[in-house]
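A short reminder: the numbers here are calculations on the coordinates, not readings from a lab. As the structure is a prediction and not an experimental result, all values here were calculated from the model. As a convention, Cβ positions derive from the backbone with ideal geometry for all residues, glycine included, and neighbour counts pool all protein chains shown.
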Amino acid sequence: MEVWLKCARRLTPGQRLEQVFEQIEFGDTLLLSDIRKMNPSYSDYDLRRELALRKYGEDLADIAYPRKMSA
């Protein structure tokens, strides 16, 4: 932990922010993989909607990925 902190302290604010975004992207990738395993028939849209549901809740997911209307 001490080595990691020493390295982290050497990073610029921009580099730290870049690492945060990389970690978020990594977490999203893991979560999408899990969603895909549990729901192999989901389209890419459905996967992204489910990710949004889990991360941001139903209200925001509905804005970003509206529910598909049945014909």
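Being under 17 Å from the mean Cα position of the chain (by Cα) and among the basic types (Lys, Arg) is the filter; apply it to the stretch 26-71 and report the residue that is surrounded by the fewest Cβ atoms within 10 Å (Cβ to Cβ). The qualifying residue surrounded by the fewest Cβ atoms within 10 Å (Cβ to Cβ) is Lys37.
Residue count for the stretch 14-25 satisfying the condition of being of a type in the set (Asp, Glu) and surrounded by 11 or more Cβ atoms within 10 Å (Cβ to Cβ): 1.
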